[in-house]
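Here's the structure we're looking at; comments come further down.
The values are calculated or read from the model by the stated rules, or taken from the named source; none is laboratory data. Computed from a prediction, not measured in an experiment: that's the story for all the values here. Positions of Cβ are backbone-derived with ideal geometry, glycine not excepted, and every protein chain shown enters the neighbour counts.
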Amino acid sequence: MTEWSSRPTAVGECTWFFPGSSDWPDDDLIAAGADLEPSTLVAAYRSGMFPMGLHARDATMGWWSPDPRGILPLDRLRETRSMRQSARKYDVRVDTSFTDVVRGCGNPTRPNGWITPQILEAYVRLHELGWAHSVEVFNREGRLVGGLYGVRINGLFAGESMFHVERDASKVALMGLVQLMRASGMTLLDVQWQTDFLATLGAIAVNRRDYLRLLAKAIIAND
């Protein structure tokens with residue numbers, strides 16, 4: 001598996017005002033509107049927020065900061081025997097098929113889909129600037145069968161989505177991501193909400209205040 005690409009290109013100052021965390025509501029939804037320009041996205045992630053439509057495939061963007069927040073401690077990933085066996089038959093790569101991974105995650109047949117063409121375009125642009133990354137899993141025939149994508153800011157990786165079409169492929173992508181983060185000295189893997197599925201892999205829930213404290217440390221790491 002290759003390493004991360006070179007340092008990201010500067011995106012400039014965000015032109016939107018996001019409320020400071022002391023003014024955030026108790027709800028997971030912090031704000032609505034704005035745009036998906038690179039400067040807006042990077043500022044949001046630095047603040048502890050991420051974008052998602054207010055409703056499935058909604059064009060109106062919501063800015064979310066779940067409380068509690070799902071994170072996956074890098075020393076708590078549960079690698080099952082099945083995952084390790086699957087990993088031996090796959091090839092894991094980084095940043096070679098970003099657009100295809102986002103499309104796989106945004107398959108319209110998946111329930112509660114939120115990855116719109118607008119989201120795809122915005123994150124491909126962020127990837128081209130070196131901020132968004134993918135981990136891809138290929139089978140022995142060279143077919144993309146799983147992967148994940150998200151945003152890296154120094155020691156933070158903000159996971160956005162993952163998919164698979166063959167057994168354990170998304171889990172193998174997660175294994176690859178954790179290995180890469182450890183090798184890079186990164187500290188925080190954000191998974192947004194702790195789902196039952198992610199909990200089986202070692203994800204935990206932390207309150208918002210603790211998450212923001214971890215985030216502040218992560219985004220200055222390796223700076």
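Observations
- Residues that are of a type in the set (A, V, I, L, M) and surrounded by fewer than 15 Cβ atoms within 10 Å (Cβ to Cβ) within the range 21-43 comprise just one, Ala32.
- The conditions of being assigned to a loop (DSSP other than H, G, I, E, B), at pLDDT 95 or above, touching a helix residue (DSSP H, G or I) at 6+ places or on another chain (Cβ under 7 Å) and assigned by TED's automatic domain parsing to the domain that holds Asp168 are not met by Leu36.
- Among the candidates Thr60, Thr99, residue that is within 22 Å of Ala44 (Cβ to Cβ) and outside the structural domain of Arg143 (by TED's automatic domain parsing): Thr60
- Within the range 67-79, residues that are assigned by TED's automatic domain parsing to the domain that holds Ala203 and exposed (fewer than 15 other Cβ atoms within 10 Å of the Cβ) reach partners that are among the aliphatic types (A, V, I, L, M) and part of a loop (DSSP other than H, G, I, E, B) with beta carbons closer than 9 Å, at six or more positions or on different chains, in the pairs Arg76/Leu201; Arg76/Ala203; Arg78/Leu201.
- The combined condition, being closer than 19 Å to Glu136 by Cβ and of a type in the set (Phe, Trp, Tyr), is not fulfilled by Phe17.
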